[in-house]
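The structure appears right after this line, and notes come after that.
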Ligand code: M6R
């Protein structure tokens, strides 16, 4: 969702701010804007436009204002449509103070009504504009101290927010705040940054500071002060960013998504590194697994599908009941959870609001939290007892690919770990699975070497109106993931079904020519024959069957072969052709592959 950048330092600010906004484009947005401070007392420089950054750049032309400090924003519309006037930054009535915001101010209606009564006039429909007016008044009350004003205003706000503010009388100073929404500080040499995530400033510095809940960052080119809302100065929690700038660039690929699909072998092996024969203390020391009586996995979207695969593996290997819950639904039905529950939130970004809120619900009731996350220093791992970091590297395309693969690996590692701790997994079986895990990167590589015919085949279905995905056992969540990818990227009707469920209703959708992608269970597995029957059922009604299988399958109209592996690990391989199908379909239909319409990479509102 919204991307936020603040820069103060030796460079002319427009350049790093614009560069940061470009690097945050992947988060999804529909308008963009920048505000810069000029000389003390001079009016702020501000430009904002609906649409992509290109629209904003067009009006900027080649002129670079003589400013060394400013803020930039890409907005994903929530309150008010994506128009020029709703784009951020928003100003106070004097045009001296500018604010950008990610998140939702829940009490904005009452705040706005009160401000209007006090004579403030509004120019937008946003929840954010109230903050600009509030800060303006509070700053006056605090003798021109923007940080003190921010502390006071944040205490009044309800909801989730990352806020950055600047004032024309204090060029060079940027004040930021965060609650339930991401903000990191980039520590440079004679320059400092504030941003939604490190990719915004990664080409300038690899030093970052974590900001906790309700913390305020007050930065100039040479100084960083972090305080809580009461004004108490807090220590800096600095860390080194392990990604390099090239990891967040396309590197010769036409789209980030394609690059990320091809990075999967490395992402898998990085996530497995040093962990195949057991999770070490550095991962597990914060969590006591003794006496747990159930596992609850909470996640959204693709991460939810990884959780569903995890259920099969963890229940089997660790002999414990596993519920997989959509994070957005979880806390609202007030489920029973206590200190015997092991809660596993899965999140690539570590900032997904639905997952974070579900996790807090369970934590407040005593659950032990073992997170799976790809983003160091993000909120979900910060609030968990232990974290298994996936090492997918930065995932820029909105549609998740390599993050999903590494989430699957995390599920298997946790399943094996729980099996060993609980003494429920046979040592020989564990060894076999470990050996199979180690072979997965090479097997994914093998699939990637042969995707061209699949791309050509996909183009044949370019005008299809619907595509169905079938699977059984772990092939079922794989089918769900295939359908989600296709919806996101091709904007077409797609659904995933458990093969056995078809005859209970969904088979009515099949008509002559309906493409059905069937993920066949591992050859000779219990369900292979059952799935073959399900395929005959759809074929008999005219479906065109594209089978993904580890062995020959005569009934398929088109066969996509994948290598054999342990049956629980098959999703790691079977999902790759599904990703390629959705990628190619998006390209063939002329869709925006990396930033599909209406979607945001990091969903930081509920
Ligand atoms: O960052 P998270 O893993 O918590 O994100 C969860 C979902 O929003 C995410 O997986 C979403 O479904 C992707 N766009 C799927 O491609």
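In nm, to one decimal, how far is the residue 427 label point from the residue 107 one, both placed 7 Å along Cα→Cβ?
Output for this residue pair reads 6.1 nm.
Do me a favour and compute the ellipsoid semi-axes for segment 3-247 from its Cα gyration tensor, root of five times each eigenvalue, largest one first, whole Å. Intermediate values should be presented prior to the final figure.
Numbers: eigenvalues 116, 88, 60 Å².
Value: 24, 21, 17 Å, ordered largest first.
In degrees from 0 to 90, rounded to the nearest 10, what is the angle of the helix 570-588 Cα long axis to the longest principal axis of the chain?
Helix 570-588 sits at roughly 60 degrees to that axis.
Find the relative contact order for the chain and round it to a whole percent, using C-alpha pairs within less than 8 Å whose residues are 6+ positions apart.
Details: 1410 pairs, mean separation 73.4, N = 606.
So the answer I get is 12 percent.
Tell me, how many Å apart are the Cα centres for segment 97-152 and for segment 215-247?
If we compute the Cα centre of each part, the gap is 24 Å.
Hey, what did segment 462-606 get for relative contact order, percent, Cα under 8 Å, at least 6 apart?
Details: 258 pairs, mean separation 37.4, N = 145.
Value for segment 462-606: 26 percent.
What Kirkwood hydrodynamic radius, in Å, does segment 259-329 give when the mean of 1/r is taken over all pairs of distinct Cα atoms and then inverted? All intermediate terms of the calculation are to be shown ahead of the outcome.
On the way: mean 1/r = 0.0699 Å⁻¹.
By the Kirkwood definition, the hydrodynamic radius is 14.3 Å.
Suppose we look only past 43 Å in the calculated P(r) of the chain. What percent of the Cα-Cα pairs does that tail hold? Each step should come with its number before you reach the end.
Numbers: 44576 of 183315 pairs.
For the chain, the fraction of Cα-Cα distances above 43 Å is 24 percent.
Distance between the C-alpha centers of segment 348-363 and segment 198-214? Whole Å please.
Their Cα centres are 21 Å away from one another.
Computed over the Cα atoms of segment 124-208, what is the ratio Rg over Rh, Rh following Kirkwood? It would help to have the intermediate numbers written out before the result.
Values: Rg = 13.9 Å, Rh = 13.9 Å.
Answer for segment 124-208: 1.00.
Residue 319 to residue 285: extension gain in nm, 0.36 nm per residue of separation minus the Cα-Cα distance? Display every interim value, and only then the final one.
On the way: separation 34, 0.36 × 34 = 12.24 nm, distance 2.22 nm.
Separation in residues times 0.36 nm, less the Cα-Cα distance, equals 10.0 nm.
Could you order peptides 303-312, 524-533, 192-201, 414-423 by the average number of other Cβ atoms within 10 Å of their residues, highest first? Walk me through the numbers before you get to the answer.
On the way: 303-312: 25.5, 524-533: 15.7, 192-201: 27.7, 414-423: 20.4.
Highest to lowest by the protection proxy: 192-201, 303-312, 414-423, 524-533.
Testing the spin-label approximation: label points 7 Å from Cα along Cα→Cβ at residue 254 and residue 452. State their distance in nm.
1.4
What full-extension length gain, to one decimal in nm, is calculated for residue 240 and residue 214 as 0.36 nm per residue of separation minus the Cα-Cα distance? All intermediate terms of the calculation are to be shown ahead of the outcome.
Working: separation 26, 0.36 × 26 = 9.36 nm, distance 2.28 nm.
Once the chain is fully extended between residue 240 and residue 214, it gains 7.1 nm.
What order, most packed first, do the peptides 439-451, 80-92, 58-70 have when packing is the mean number of other Cβ atoms within 10 Å of each residue? Could you put the intermediate results ahead of the total?
Values: 439-451: 17.7, 80-92: 20.8, 58-70: 14.6.
By packing density, highest mean first, the sequence is 80-92, 439-451, 58-70.
I need the Kirkwood Rh of segment 364-508: take the reciprocal of the average 1/r across all distinct C-alpha pairs and report it in angstrom. Mind showing how you got there, number by number?
Working: mean 1/r = 0.0545 Å⁻¹.
Roughly 18.4 Å, rounded to one decimal.
What does the helix-only formula give at 222 nm for the chain: each DSSP H stretch with n ≥ 4 adding -39500 (n - 2.57), the total divided by the residues, and the result rounded to the nearest 500 deg cm²/dmol? If you can, show how the numbers build up before the last one.
Values: 18 runs with 209 residues, N = 606.
After summing the helix terms and dividing by the residues of the chain, the value is -10500 deg cm²/dmol.
Fully extended, how many nm does the chain gain between residue 116 and residue 340 (0.36 nm per residue separation, minus their Cα-Cα distance)? Spell out each step's value before the answer.
Working: separation 224, 0.36 × 224 = 80.64 nm, distance 5.08 nm.
Length gained, residue 116 through residue 340: 75.6 nm.
Kindly express, to the nearest 10 degrees and within the range 0 to 90, the angle between helix 129-141's C-alpha long axis and the longest C-alpha principal axis of the chain.
Here the helix axis deviates by roughly 40 degrees.
Output the relative contact order of segment 366-492, whole-number percent, from Cα pairs under 8 angstrom with separation of 6+ residues.
Working: 71 pairs, mean separation 18.2, N = 127.
Across segment 366-492, relative contact order equals 14 percent.
Just to be sure I understand the curve: with the Debye formula and one point per C-alpha of segment 485-592, what is log10 I(q)/I(0) at q = 0.14, 0.22 Å⁻¹?
Results for segment 485-592 at q = 0.14, 0.22 Å⁻¹ read -0.57, -1.31.
How far is the Cα center of segment 385-448 from the Cα center of segment 523-546, in Å?
28
If you build the convex hull over the alpha carbons only and average its shadow over all orientations, what do you get for segment 384-427? Give it in nm² to one decimal. Mind dumping the intermediate values first?
Details: hull surface 16.6 nm².
About 4.2 nm², averaged over all directions.
Just the Cα atoms of segment 318-385, one point each, no solvent: what log10 I(q)/I(0) does Debye give at q = 0.21 Å⁻¹?
-0.83
Just the number, please: Stokes-Einstein D of segment 250-445 in µm²/s, Kirkwood Rh from C-alpha pairs, 20 °C, 1.002 mPa s. Before the final figure, lay out each step's value.
Working: Rh = 16.7 Å.
This corresponds to a translational diffusion coefficient of 128 µm²/s.
What residues from segment 128-171 fall in the zone where the backbone N is under 14 Å from a label point 7 Å along the Cα-to-C-beta line of residue 205?
none
Taking the mean number of other Cβ atoms within 10 Å as a proxy for protection, how do you rank 462-471, 20-29 from highest to lowest?
Values: 462-471: 20.4, 20-29: 24.2.
Packing proxy ranking, top to bottom: 20-29, 462-471.
Throughout, read-outs are computed from the coordinates displayed, never taken from laboratory work. Quick caveat: nothing in here was measured; it's all calculated off a predicted structure. Methodologically, a virtual Cβ is constructed for each residue, glycine included, from the backbone with ideal geometry; neighbour enumeration extends over all protein chains shown.
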